[in-house]
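Laboratory data are not the source of any read-out in this text; all were calculated from the coordinates shown. Because the structure is predicted, anything quoted here is derived from the model rather than measured. As a convention, Cβ positions derive from the backbone with ideal geometry for all residues, glycine included, and neighbour counts pool all protein chains shown.
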Amino acid sequence: MFCLDTYLRESEDYTIHLNRAGFKDCANFIEKNAKRVVHVPAGAKIVGARIIGIPPVPIGVDDENKTIMLPYTKPCYGTAVVEIPVPEEEIEILETKSI
């Protein structure tokens, strides 16, 4: 099972688009820049992490490159927009949580 926290600690294969931002700024960034957007409820577990934010939470999907772009909140650090490569199964799981 994919775990976002572990992945970010152990890999360099990700992009941070915004850092130490507010959730609203991150959500707007995803809505404007993602190739496709899936909305999930706050608290949904995506790639091993509970997604915190004002619902519905936008998750960007790039089906061609198999990446997702999500707001990732860490206490004391704020919210960032992180784009990570994921297995196709994770995109399918994400689709089942869409609202």
Query raised in the report: What order, most packed first, do the peptides 34-45, 14-25 have when packing is the mean number of other Cβ atoms within 10 Å of each residue?
Result: 34-45, 14-25
Query - Under-5 Å amide H pairs with A44, H placed in peptide plane, nonlocal only - result: I51
Query raised in the report: Mind checking the dipole of the range 4-96: about its Cα centre, +1 per Lys or Arg Cβ, -1 per Asp or Glu Cβ, Debye to the nearest 20?
Result: 580
Query raised in the report: Which GluC sites (Glu not before Pro) from the chain combine a DSSP loop assignment with at most 16 other Cβ atoms within 10 Å?
Result: E12, E64
Report task. Along Cα→Cβ, 7 Å out, is where each label goes; now give me the distance between the ones at E89 and I52 in nm to one decimal. Result -> 2.9
**Report entry** Amide H contacts under 5 Å for R36, placed H, 5+ residues apart
**Finding:** V61
Query raised in the report: Taking 0.36 nm per intervening residue step and subtracting the Cα-Cα distance, what contour gain separates Y14 from K32 on full extension?
Result: 4.6 nm
Report task. Tell me what the chain gives for mean residue ellipticity at 222 nm when only DSSP H runs of n ≥ 4 count, each as -39,500 (n - 2.57), the sum divided by the residue total, rounded to 500 deg cm²/dmol. Result -> -7500 deg cm²/dmol
Report summary line: Taking the dipole of the range 4-96 about the Cα centre (Lys, Arg +1; Asp, Glu -1; charges at Cβ), the one of V81, L8, T96 that reaches farthest to the positive side is V81
Report task. Using just the alpha carbons, could you tell me how many Å³ per residue the convex hull of the range 4-96 encloses? Result -> 87
